[in-house]
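A quick write-up on the structure given underneath.
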Amino acid sequence: MIDPSSLANLSQVVTKHIHLDWNISFDEKKISGHILLDMLTCVPDVKEVILDTSYLDLKSVEVNGEEVKYTVAERHLSLGSALTIPLPETIEKEGTAFQVKVVYSTTDKCTSVQYLEPEQTVGKKFPYLF
């Protein structure tokens, strides 16, 4: 699969399910926590996972519970930054399930989340995140 709006290696791996564990601070306007991705290889001999990111503060990355080193590419103007996660071992067989966990927090430059102050909402009582 080719997606011109993504830096991810979508032809090699697919995400079957995501598990989010977030703490949301409306005062700091920050989301922190982790995402656990249930992934499946689409082809044989997969060596890495590439994910799309945008202005995240990455803390750690694990593959099947094992911490791995990762790289974040220079930012592309409209696509963000590619997070490249090398797998501890090449996954030789197509259809192999594995998990990737990314621990991170958002930053004040994040492009995918926005906050409204209570005064900016219809009810004027609670902040809003979108």
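The values are calculated or read from the model by the stated rules, or taken from the named source; none is laboratory data. All values derive from a computational prediction rather than experimental measurement. When we count neighbours, we look across all protein chains shown, and the Cβ atoms used for this are built from the backbone with ideal geometry, even at glycine. In case anyone asks, the SASA skips ligands and DNA or RNA and just uses the protein heavy atoms, side chains included. Shrake-Rupley method; radii C 1.70, N 1.55, O 1.52, S 1.80 Å.
Laid out as a table, the results:
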quantity: Spatially near lysine pairs across the chain, Cα under 14 Å, sequence gap of 8 or more or different chains; calculated: 8
quantity: Residues with amide H under 5 Å from that of residue 9, placed H, sequence gap 5 or more; calculated: 50
quantity: For residue 50, solvent-accessible area (1.4 Å; no DNA, RNA or ligand), Å²; calculated: 30
quantity: Förster radius 22 Å - calculated FRET efficiency between residue 60 and residue 117 (Cβ-Cβ, nearest 0.05); calculated: 0.10
quantity: Protein accessible area in the chain, 1.4 Å probe - carbon and sulfur %; calculated: 53
quantity: Largest to smallest accessible area among 26, 130 [probe 1.4 Å]; calculated: 130, 26
quantity: Neighbourhood charge, 11 Å Cβ-Cβ cut-off, centred on residue 107 and excluding it, Lys, Arg +1 and Asp, Glu -1; calculated: 0
quantity: Net lengthening on full extension, residue 43/residue 97 (0.36 nm per residue, minus Cα-Cα); calculated: 18.3 nm
quantity: Per residue value of the accessible surface for the chain (all protein chains in place, 1.4 Å probe), Å²; calculated: 65
quantity: Top of 57, 27, 38 by mean-square fluctuation, Gaussian network on the chain, Cα under 10 Å; calculated: 27
quantity: Given [x] 27; [y] 33; [z] 18, the label whose value is percent of Cα pairs over 27 Å apart derived from this model; calculated: [x]
quantity: In Å², nearest 10: area of residue 71 left accessible to a 1.4 Å probe; calculated: 80
quantity: The chain, relative contact order [Cα under 8 Å, separation at least 6], %; calculated: 28
quantity: List 108, 52, ordered by accessible area with a 1.4 Å probe, largest first; calculated: 108, 52
quantity: Computed accessible area, residue 116, all protein chains, 1.4 angstrom probe, square angstrom; calculated: 50
